[in-house]
Amino acid sequence: MMDLQIASQISSFLAALVLLTAFGMLVQKRVYGLIHLFAWQGLFLSLNTAVVGFVANKHHLYISSVLTLSLKVVLLPYILHVLINRLKIRKEVETVVNIPMTMMIGIALVIFSYHLTAPIRQLSTLITRSTLAVALATVMLGLLMMITRRHAVTQIIGFLALENGLFFAATSATYGMPLVVELGVALDVLIAAFIFGIFFFHIHTTFDSLDVEQMAKLKEEN
Amino acid sequence: MMDPLNLAGSAIFLLLGMAVLALLLGRRQRLLVVVSFAVSAVASLSATVAGVRVVGWSTTSQAIMSIGLPDLPFHLRLDPLAGFFITVVGILSFVVSIYSIGYVREISKQRPISRLVIFYALFLAGMFMVIIADDALFFLISWELMAAASYFLVLFEDERVENRRAAFLYMVVAHVGALAILLSFGVMSGLATGFEGFHGYTFDAMRQAEFPAVWATAAFLLAFFGFAAKAGVIPLHIWLPEAHPVAPSNISALMSGVMLKTAIYGIVRVTFDLIGVFPWWWGSIVLVFGLISAVMGVLYALMQHDLKRLLAYHSVENIGIILIGIGLSMIFRSFDFPLLSSLALIAGLYHTLNHAIFKGLLFMGAGAVLHASHERNMEEMGGLIHLMPWTAALFLVGSVSIAGLPPFNGFVSEWLTFQAFLLSPSLPSPLMKLLIPLGAALLALTAALAAACFVKAFGVTFLGHWRGHHQPHVQEVDWFMRSGMIIAALLCLALGVLPTVVIDWMDTVPEQLVGSRIGTTAGAFGWMWLTPVAPERASYSGPLVFLVTLSVIVIAYLLLHVRSGSITRVPLWDCGFEKVTPRMQYTATAFAMPIRRIFGFFFHIREQVKMNPQAPHRTVPGRMQYTLRIRDRFWGWLYRPLVDASFWLSRRVGRLQQGRIQAYLIYSFVTIIVLLLFLR
Amino acid sequence: MNLYPFMTEILQIMIVLGISPAFVGWVRMLKCWSQGRTSAGLFQPYRDIRKLFAKNVVLAENASWVFRFTPYLVFGTTVLAGGIIPMLSVDLPLSATADVIVLVALFAIARFFTALAGMDIGTAFGGMGSSREMTIASLAEPAMLMAIFTLSLACRSTSLSQIVTVIFSGQIQLRPYLAFAFLAFVLISLAETGRIPVDNPATHLELTMVHEAMILEYSGRHLALIEWAGMMKLMLFMALGAVLFFPWGIDVTATAAGAVRAFLFLLLKLGASGVVLVLIETGLAKMRLFRLTEFLGSAFLLATLGMLAYYILD
């Protein structure tokens, strides 16, 4: 019983770290640092999944933990590394508009997601119920990141962070989705990453930049 | 022993009598100044005594005066709440009256002051009357007396265009507010008796009536709007930084220090006393507007370089802090936590008292500076501490108090407000538990920015060198003005060092309003320790903080002076820089620059640097010109469209003016027909 | 009347007065080692202070009494703060006079007067330092209070002794909000004590000075008092962090042996915090003034997340 209690404390601690990395990504300016943060977030997520698997005694969660580890901590960051090395945007520093303001919006989103999940908290009996709010907040912060950034690579990282949040939500709300679904999602994410990579090359060769503002040129003249 | 209500009543009659006397003494200006302000000091003091006694004894006395309209006599009542506000108004008007003897005597050398004296007396009388009024009619009459008298006081130096403009703006906002208050009372009295009788206009009837939720909300919102307009709550603050600086400084002290407090009184009276039962979100409205006013008020204050305007914006900030306390108290009350509610209410009311005194002190100090240097622009001042040592020291006391630093009084009330914030975990709603502590962070931001602002205000005005082009002949103000400020400064210290005594005294007010005292817990460990709720929860000992710091200072000083070397006075060093001129000092604008940049999106800033092309050499730039205009965003957001709309509307309405009698007859005829249709 | 708490109190104030120069010496030593320089030794700050006390005061012509009063006031409030923080024992008489909000306010009043002293002389540097210091303070103070409020909410008290007792008693173990609050506290301590990346205590370069710019004109015993108070402030912040977040070894039994043990633990913790401080300072570069918004914004964010985590995750 004591073990369970400690495990659930560790789980909530890891949830806090996931939230922290989500905020870190929101304010990080360097692309390189962003990828590192993303990898860290994946690591915390996978650890958390393993811990939840231990607490809930669901063994398939161990598999999805390993899956997360290999995919989000190793493979995707590696792909992104290769990508930015090829595109020679390693040192690029992105100007993020008004970081303190973004932080405040982020805090508001956390409070909002807490408010949204409050009814579920009361209904649910799972040990992980309190991390649901964090999971939802991670999703929203990923979306916020996609909105506030202009660089295509940071947008894809935002998207991946959003996916992390969804995965986290599934873990904390229902002790994870069925394994088949998770495998499918993992495959989807992987394929999405490849497709994005291909698109980046095309965007880069067309506009000579990965600033998504450039896409505004594509609209019809009026 | 006189009954407190009689005492307060006679103070009011004394003031009204003095207004008449001022008419008679019009020829003897110098005598008039001494007599009239001495009389108002006596009247204020007796009102204070009445207030202190009512609060201390927790008595309530009522009276009915059969003057006024037939069958609608005036009702008066002095309960602890009214007593507390009478005390606040009384103390400051006593101090300001003493100060005014010196201040107005100087003005009287330049212009006739009968008008100033008359309206000063009426203004004080109006404020006292508002507080002891116990029916809607008398309240509104007193309210208008107060507003009108202060309007004429703002207009005292009416030869300047900006004064007339400020007074007009003040009048407009005051009347919109008064209209809302009138409507609010109308709703309440209508519901109290039904719309047939008239007797619902007394506050007693409103107290006893039970209002349906919708109408109670309407009454509250109207009253809050009306009183907020008077208190200068953002976004209704727009008149305040215009009107306060242009009035004579003793009047600014009263307007900022106590006139705004009558609006706080109104809010407390209507919500806690007249309506009585309210949902939690009323409290959140008050809290949110309080927070906005506090933060925005201090940010705008930081951008000012007119000393009196700066102080006026600080009134907005402090009204915000008071409303935070009251809002928290309302929230706690609606969730039925009487003890916590009384703690928050005490915090708000304590800050009301504190703000009255330190803001009065600061405006008196600003008046002294203005009077001595004939300068309101801080950018032109500097180094006054050498020429006006008394004023400087007293202004410093006010600055430390308003910045919320121990052991002075501003700190105690802010500390209590923080404690009230930290009690929010008791609330049942999880969302409020999360959101309310964030308000504490905003309050901390406000306090820190206020400290920055007063480093700027005091530092630029009194320290360094004179920045203006030619140094005027400045000398210290006379003893009347000084003693007014000295009393206020001592009160600042006393209220900061002995909070337990004060809270013990004013504890009857929350007892009357929310049915709980905090004195039993606050004073549990003797008069030295202030321990709201429980001693292990939080404690503060003003006397010990003061004494320990003082003794360390004294010991250090004595130890170092046993074998002290002499002090050599030398020219400035400044890291070895040779030609230091006063123009190189940091200006007020420069001081606030980092904060202006960081919080830039709150202001409407227009910054321009012009380079003169005729440079002597291409590496040396010629003359540079820097212009900076900072404006209130609310003016553009809220008021400009409103003004435009009303002009547009009045032009449209103007077209009805045909000038032909037949047209007007048609209007009347159509009106009658429409009315007949509806009232068929 | 039990005299023991009073003895501890006096002992603690003596320790703060006596050890703080050594602590600063320790930090400087570590810094020298990390940069491959020879250090001046642990006791150099004592020699500095003694030298300054012996020197005569050279005062600018137009310095007013504010300028001369400030060193004493700064010293006085810092000593009082040293008596408030429960470093040796939780049973301190002065600890009840002031809770954590008062503690923050005590540092604020010292800062207020230092900034005024900076403006008193009327040099460009003084005003610059004051303006920057007050800007930094106004951003740091909300974060500081927020970090502390997180602890206060968890311990249901703002009294330092009570917070330490609750955390020490083990009712609060591995908690996310504690970690957040601690991280925030570290960032704020760097800002409040004027260390890199916020301010550089070793510089006299005009573009980077903050605290030094304000006290540029001080000399003799005035400077000695201000320097000493600065050393105490640094040590107090480190001790505060150590005592709030890692209260191991503090004396809750009110015995002499307990006090000695608490003292040894305090030395250990201070030594460790010095190492951490030097690691941070060596790893980071001084920030531009306007980057500080982000730095202190992050501190505020962490503190707020701590508070949110307290409600969300517990």
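The values are calculated or read from the model by the stated rules, or taken from the named source; none is laboratory data. All values derive from a computational prediction rather than experimental measurement. When we count neighbours, we look across all protein chains shown, and the Cβ atoms used for this are built from the backbone with ideal geometry, even at glycine. Heavy atoms of the whole protein, side chains included, go into the accessibility calculation; ligands, DNA and RNA do not. Shrake-Rupley method; radii C 1.70, N 1.55, O 1.52, S 1.80 Å.
Do me a favour and compute the ellipsoid semi-axes for the protein assembly as shown from its Cα gyration tensor, root of five times each eigenvalue, largest one first, whole Å.
Equivalent ellipsoid semi-axes, largest first: 51, 40, 33 Å.
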**Study point:** Electrostatic dipole magnitude of chain B [Cβ: Lys, Arg +1; Asp, Glu -1; Cα centre; debye, to 20]
**Key:** 2240
Review point. What does the highest-first list of C:266-278, C:225-237 look like by mean Cβ count within 10 Å?
Key: C:225-237, C:266-278
Point to revise | Zone of residue A:211's modelled label, taken as backbone nitrogen in region A:139-178 under 12 Å from a point 7 Å along Cα→Cβ | key: A:150-152
Check your understanding: So how much slack lies between residue B:377 and residue B:579, counting 0.36 nm per residue of separation and subtracting their Cα-Cα distance, in nm?
Key -> 70.1 nm
Exercise for review: Set the Förster radius R0 to 25 Å, insert the Cβ-Cβ distance between residue B:335 and residue B:213 as r into 1/(1 + (r/R0)^6), and round the FRET efficiency to 0.05.
Suggested key: 0.90
Review point. Could you give the alpha-carbon Rg of region B:41-164 over 2.2 N^0.38 Å, rounded to two decimals?
Key: 1.20
Exercise for review: Could you calculate the FRET efficiency of residue C:38 with residue B:570 from 1/(1 + (r/R0)^6), where r is the beta carbon distance between them and R0 is 45 Å, rounded to 0.05?
Suggested key: 0.80
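Using only the Cα atoms of region C:1-139, what semi-axes does the equivalent ellipsoid have when each is the square root of 5 times a gyration tensor eigenvalue? Give whole Å, largest first.
29, 24, 16
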Practice item. When you have a sec, figure out the Kirkwood radius of chain B from all distinct Cα pair distances and drop it here in Å to one decimal? Key: 26.7
Practice item. Send over the semi-axes of region B:528-657's equivalent ellipsoid, whole angstrom and largest first, taken as the square roots of 5 times the C-alpha gyration tensor eigenvalues. Key: 51, 38, 13
Practice item. For chain C, just the Cα set please: Rg and Dmax, both in angstrom. Key: 19.2, 60
Point to revise | Peptide B:572-582 - average C-beta neighbours from other chains (10 Å radius) | key: 5
Practice item. Normalise the Cα radius of gyration of region C:222-314 by 2.2 N^0.38 Å (N = residues in it) and let me know the number. Key: 1.41
Revision key, fill the gap. Label model pair residue B:624, residue C:248: point-to-point distance (7 angstrom along the Cα→beta-carbon line) in nm is 5.6
Point to revise | If the convex hull is drawn through the Cα atoms of region C:160-314, its volume per residue in Å³ | key: 133
Check your understanding: For region A:1-113, what are the per-bin percents of Cα-Cα distances with bins 5 Å wide, up to the bin holding the maximum?
Key -> 2, 11, 16, 18, 17, 15, 11, 6, 3, 1, 0
**Study point:** Net charge contributed by nearby residues that have their C-beta within less than 13 Å of residue A:163 (K/R +1, D/E -1)
**Key:** -1
**Study point:** Cα-centre dipole for the protein assembly as shown with unit charges at Cβ (Lys and Arg positive, Asp and Glu negative), debye to 20
**Key:** 2480
Exercise for review: Could you name the aspartates and glutamates whose alpha carbon sits less than 15 Å from that of residue A:88, not counting residues in the same chain fewer than 8 places away?
Suggested key: A:208, A:211
Check your understanding: Between their Cα atoms, which of B:109/B:610; C:51/C:269; C:233/C:286 are more than 32 Å away from each other?
Key -> B:109/B:610
Check your understanding: What full-extension length gain, to one decimal in nm, is calculated for residue B:199 and residue B:652 as 0.36 nm per residue of separation minus the Cα-Cα distance?
Key -> 159.0 nm
Exercise for review: Taking every Cα atom in region B:219-286, find the radius of gyration and the maximum pairwise distance Dmax, and write them in Å.
Suggested key: 13.5, 42
Check your understanding: Where a Cα-Cα gap under 18 Å defines reach, which lysines qualify for residue B:261, not counting those fewer than 8 residues away within the same chain?
Key -> B:230, B:359
Check your understanding: How do B:502-512, B:235-245, B:666-676 rank on mean C-beta neighbours within 10 Å, highest first?
Key -> B:235-245, B:502-512, B:666-676
Review point. With the calculation restricted to Cα positions, what are the radius of gyration and Dmax of region B:413-488 in angstrom?
Key: 21.1, 64
Point to revise | Förster radius 41 Å - calculated FRET efficiency between residue B:475 and residue B:161, Cβ distance, rounded to 0.05 | key: 0.85
Practice item. Among B:475, B:489, B:392, pick out the residue whose Cα is farthest towards the positive end of the charge dipole of region B:361-492, where Lys and Arg carry +1 and Asp and Glu carry -1 on C-beta, about the Cα centre. Key: B:489
Exercise for review: Give the cross-link partners of residue B:433 among the aspartates and glutamates, using a straight C-alpha distance below 18 Å as the criterion and excluding same-chain residues fewer than 8 apart.
Suggested key: B:336, C:314
Check your understanding: Hey, if you put +1 on the Cβ of every Lys and Arg and -1 on every Asp and Glu Cβ in chain A, which of A:192, A:170, A:128 ends up farthest toward the positive end of that dipole?
Key -> A:128
Check your understanding: With Cβ to Cβ distances under 15 Å as the rule, what net charge do the other residues near residue B:349 carry (K, R +1; D, E -1)?
Key -> -2
Study note, to complete from the structure: Distribution output for region C:105-193: share of Cα-Cα pairs per 10 Å bin in percent, first bin at 0, values 16, 38, 25, 14, 6, 1
Point to revise | Spin-label model distance (nm) - residue A:198 vs residue B:638, 7 Å beyond Cα toward Cβ | key: 5.6
Review point. Could you sort A:102, C:38 by accessible area so the largest value comes first, with the probe set to 1.4 Å?
Key: C:38, A:102
Check your understanding: Roughly how compact is region B:267-398, stated as its Cα Rg over 2.2 N^0.38 Å to two decimals?
Key -> 1.30
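Hey, any idea what the orientation-averaged projected area of the convex hull of region A:2-218's Cα atoms comes to, in nm²?
In nm², the orientation-averaged hull projection of region A:2-218 is 12.0.
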Practice item. Just add up the charged neighbours of residue B:129: K/R +1, D/E -1, any other residue whose Cβ is under 13 Å from the Cβ of residue B:129. Key: -2
Study note, to complete from the structure: Shielding of A:17-23 by other chains, given as the mean Cβ count within 10 Å, works out to 3
Point to revise | For B:85-94, mean number of other protein chain Cβ atoms within 10 Å | key: 0
Check your understanding: Say each of residue A:120 and residue B:536 gets a label point 7 Å from the Cα, pointing the same way as Cα to Cβ; how far apart are those two points in nm?
Key -> 3.8
